[in-house]
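Heads up, the thing below is written out as structure tokens.
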Amino acid sequence: MAAKSNLLNMALCLTSVCLVCSALLGGMYALTAEPIAKTNADILRASVNAVLPEGGELSEAVPVEVGGQASEYYISKSADGTPAAYAIKSTTAGFGGPLTVMVGITPDGKVYNTSVLSHAETPGLGAKCTEDEHFMTQFKGFDPSQKILTVKKDGGDVDAITASTITSRAYSLAVKNAVDAFKTIKGE
Amino acid sequence: MSKRKLDIFTKGFFKENPTFVLLLGMCPTLATTTSAINGLSMGLATLFVLVLSNIVISAIAPVVPDKVHIPVYIVVIATFVTILQFAMQAYTPDMYKTLGLFIPLIVVNCIVLGRAEAFASKNGIVDSALDGLGIGFGFTMALTVLGMVREILGSGSVFGWKFISGDGLLVFIMAPGAFIALGYLMVLFNKIAKKN
Amino acid sequence: MEYFLIIISAIFVNNVMLAQFLGTCPFLGVSNKLSTATGMSGAVVFVITLATLVTYLINKYLLVPFGLTFLQTIAFILVIATLVQMVEIVLKKISPSLYQALGIFLPLITTNCAVLGVALSVVTKEFTFGGGAAHMLNLGESVVYAFATAIGYGMALIIFAGLREHLELNDVPKQFKGVPIALITCGILAMAFMGFSGLV
């Protein structure tokens, strides 16, 4: 029942199908580009707000080097324009893949809060970095000048997640890199 | 609806269930069923592509030269998959992130190309749509059940509602558990199907 | 050194089939005989490596510079379909017996999730190997990753085929015969491979 398979028909058919589909996709892409950008912006905003104190106007992303890699940070400005806090994105190598953490730091150098943006850790073990209350809250108000940002096993002050030392190490390193980057930002 | 049309729709549930009988679309079945809601979402996403591509392919099949029909069908399917990708990225970002790579992989889901080839190219538009719906629902049903089983055993929850504290048998939400759970479910399914 | 880490990681730690579930359909279909499994592995290695090379280049020099990344899925799958067609023609000429043995499974490499899966992941995901920094792979790393991934697939396929040939001779309960027991065995094999995690 199909049309004849001569060269003209085949070329015509394939080309027209490709053209129609590409046009359709181009249209769909244009249609959804804005909603996608908005959704991504909302997610980023939520993740930044999760690690910063309430209020404050968020700046655009500013490029900075964190732990030797290109990354970015955001400044939360209070009403009079002075920086109220910094949110720095930090990525390290976790157990199963890259571990990305958003670290909120107040101008006095203390860690306000941390939040995981993405991870590839083992469910029930390293993945607890997003669920374990005790592990997560120990970073709230963490003062790097008083305590060391490595796991207790390595001589630091961070309580690792049970049986997930590698993930805990990666998390601590991510926070430490963010703190170091903060010092560079402040120093500028 | 005539009996024939009803048959076309319902055969996807038991007689020609893509997962348990036809053994098609195994990759997403194993990978995305870590929980009931993930399995359900993957099933529905595949259903969307399956029905639309069945309809379009059924419509254009008479004018497509035989020698190029595979690439043409693939382009049609890939178009719908990409449309789905953009829609999910914009409106369901969490599920988009969870299903990840497996959304574009719907293109190579043996079910979609298989139905296009075996049914849609040889039947009318309405029949092809019904076939897509039936097989799609059968697939969704299989994925949701497998997702539920893995979630209950592995996390102690159903659709996110936890009924135990702490973790379950974690192996079920990891790779080996998928194979094992599916193996046992298949035995169960065959038992039930044989009784009918 | 990093290439070594990529190879170990792709073959053992994150085995494309046993950890990522890519390529399951042909895995279950071709693994009942060791000879077809070996032939399939070779074909898959060739297709995955070449496909990743070509799609990476197309993405880098055609799709990204012209803002056409929305055509990624279509372009990639068409490249793969074409490559498989070419492999079929070549194989028919140089080894008709293998061509016959693989039968329907050869054109089915097009729909092997592993091929499209690997091609897409090297251009969209960031990777870390052995504690290195998370980064997008360059051309050399992508090709090595694809090649190692395919080797891992072939290895898993051959091991599994060996297991299945043994299963045939064993006393399996009637309802489990065939695919169910194969799946459960595969699960146990996947568990064994999980022992490799943390290697790099």
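Mind checking which helices in chain B clear 15 Å along their axis (Cα) and have mean Kyte-Doolittle hydropathy of -0.5 or more, DSSP H runs only?
For chain B, where a helix must reach 15 Å along its axis and average at least -0.5, the hits are B:36-60, B:69-91, B:125-155, B:175-195.
I need the calculated FRET efficiency for the pair C:PHE4 and A:ALA11, taking r as the beta carbon distance and R₀ as 41 Å, to the nearest 0.05.
For R0 = 41 Å, the calculated efficiency reads 0.30.
Any idea which of A:LEU125, A:THR92, A:LEU7 is furthest toward the positive side of the dipole for chain A, if Lys and Arg beta-carbons carry +1 and Asp and Glu beta-carbons -1?
A:LEU7
For the residue pair B:VAL158 and A:GLU34, what label-to-label distance in nm results when each label sits 7 Å from Cα along the Cα-to-beta-carbon direction?
That separation, rounded to one decimal, is 4.4 nm.
Enter the mean projected area of the convex hull around the alpha-carbon atoms of segment A:61-111, in nm², rounded to one decimal.
4.0
Inside 10 Å of the C-beta atoms of C:174-186, what's the mean count of C-beta atoms belonging to other chains?
6
Taking segment A:1-106, which GluC sites (Glu not before Pro) meet the DSSP loop condition and have no more than 13 other C-beta atoms within 10 Å?
Those satisfying the criteria are A:GLU54, A:GLU60.
Specify the inter-centroid distance of segment C:31-98 and segment B:131-165, based on alpha-carbon positions, in whole Å.
A separation of 34 Å, based on Cα centres.
Compute log10 of I(q)/I(0) for chain A with the Debye formula, placing one identical point scatterer on every Cα and leaving out solvent, at q = 0.10 Å⁻¹, to two decimals.
Summing over Cα pairs of chain A leads to -0.51.
Please work out the FRET efficiency for the pair B:ASP7 and B:LEU44, using the Cβ-Cβ distance as r and a Förster radius of 35 Å; give the result to the nearest 0.05.
0.90
In a GNM of chain B with a 10 Å cut-off on Cα contacts, which of B:ILE106, B:ILE60, B:ILE135 has the highest mean-square fluctuation?
Result: B:ILE60 has the largest fluctuation of those listed.
So what does the Cα-only Debye profile of segment B:63-195 read at q = 0.11, 0.13, 0.14, 0.22 Å⁻¹, as log10 I(q)/I(0), no solvent term?
The computed values of log10 I(q)/I(0) come out as -0.57, -0.77, -0.87, -1.33.
How would segment C:82-200 be classified by its alpha-carbon gyration tensor: rounded, prolate or oblate, with rounded meaning a/c under 1.5 and the a/b versus b/c comparison settling the rest?
Oblate, since a/c reaches 1.5 and b/c is not below a/b.
If I fit a long axis through the Cα atoms of helix C:139-168 and take the longest principal axis of the Cα atoms of chain C, what angle between them do I get, 0 to 90°, rounded to 10?
That works out to roughly 10 degrees.
Restricted to Cα positions, what overall size does the protein assembly as shown have along the principal axes? Three whole-Å values, descending.
77, 57, 53
Would you mind computing, in nm to one decimal, how far apart the modelled labels at C:THR69 and A:ASP80 are, each placed 7 Å from Cα along Cα→Cβ?
Distance between label points: 4.2 nm.
Could you tell me which residue out of C:TYR153, C:GLY42, C:LEU102 lies farthest along the dipole of chain C toward its positive end? Charges go on the beta carbon: Lys and Arg +1, Asp and Glu -1, centred on the Cα centre.
Going by the charge dipole, the pick is C:LEU102.
Considering only B:VAL149, B:GLY166, B:PHE20, whose Cα is most displaced toward the positive end of the charge dipole of segment B:3-195, charges sitting on Cβ of Lys, Arg (+1) and Asp, Glu (-1)?
Sorting the options by dipole projection puts first B:PHE20.
Once both axes come from the Cα atoms, what is the angle between helix A:7-50 and the longest principal axis of chain A, in degrees from 0 to 90, rounded to 10?
So the helix axis and the longest Cα principal axis differ by about 20 degrees.
Pop out the ³J(HN,Hα) list for segment C:188-195 in order, Karplus 6.51 cos²θ - 1.76 cosθ + 1.60 with θ = phi - 60°, rounded to Hz; leave Gly and Pro as x.
Calculated HN-Hα couplings, in order: 5, 4, 4, 5, 4, 5, 4, x Hz.
About the Cα centre of segment B:3-195, how large is the charge dipole given +1 on each Lys and Arg Cβ and -1 on each Asp and Glu Cβ? Please answer in debye to the nearest 20.
Computed charge dipole of segment B:3-195: roughly 520 debye.
Just to confirm my understanding: which cysteines in the protein assembly as shown have no other cysteine beta carbon less than 4.7 Å from their beta carbon?
Cysteines lacking a close Cβ partner in the protein assembly as shown: A:CYS13, A:CYS18, A:CYS21, A:CYS129, B:CYS110, C:CYS25, C:CYS186.
Nearest 20 debye, what's the magnitude of the dipole of the protein assembly as shown about its Cα centre given +1 on Lys and Arg Cβ and -1 on Asp and Glu Cβ?
The dipole of the protein assembly as shown has a size of about 1800 debye.
Can you give me the orientation-averaged projected area of the convex hull built on the Cα atoms of segment A:14-94, in nm²?
Computed as one quarter of the Cα hull surface, the answer is 8.8 nm².
I need the trypsin sites (Lys or Arg not before Pro) found in segment A:121-187, filtered to DSSP loop residues with at most 13 other beta carbons within 10 Å of theirs.
A:LYS140, A:LYS147
Could you calculate the FRET efficiency of C:LEU57 with C:ASN170 from 1/(1 + (r/R0)^6), where r is the beta carbon distance between them and R0 is 41 Å, rounded to 0.05?
Working from the Cβ atoms, E equals 0.30.
Mean separation of Cα pairs under 8 Å and 6+ residues apart, divided by the residue count of chain C: what relative contact order is that in percent?
So the answer I get is 43 percent.
For segment C:2-194, what does the equivalent ellipsoid look like in terms of its semi-axes, each the square root of 5 times an eigenvalue of the Cα gyration tensor, given largest first in whole Å?
For segment C:2-194, the ellipsoid semi-axes come out as 30, 21, 13 Å.
If you put +1 on each Lys and Arg Cβ and -1 on each Asp and Glu Cβ, how big is the dipole of segment C:2-194 around its Cα centre, in Debye rounded to 20?
Using only the charged Cβ atoms, the result is roughly 340 debye.
Pick out which of C:ASN59, C:ASN170, C:ASN112 has the largest mean-square fluctuation in a Gaussian network model of chain C, springs linking Cα atoms closer than 10 Å.
Judging by the Gaussian network model, the answer is C:ASN170.
Pick out which of C:PHE66, C:PHE127, C:PHE21 has the largest mean-square fluctuation in a Gaussian network model of chain C, springs linking Cα atoms closer than 10 Å.
C:PHE66
With angles folded into 0 to 90 degrees, how steeply does helix A:165-187 sit against the dominant principal axis of chain A? Use alpha carbons for both and round to 10.
Between helix and principal axis, roughly 80 degrees.
Rule-based calculations on the coordinates, nothing more; no lab input. Note that the coordinates shown come from a computational prediction; the quantities given were computed from them, not determined experimentally. Cβ atoms come from the backbone with ideal geometry, glycine included; neighbour counts cover every protein chain shown.
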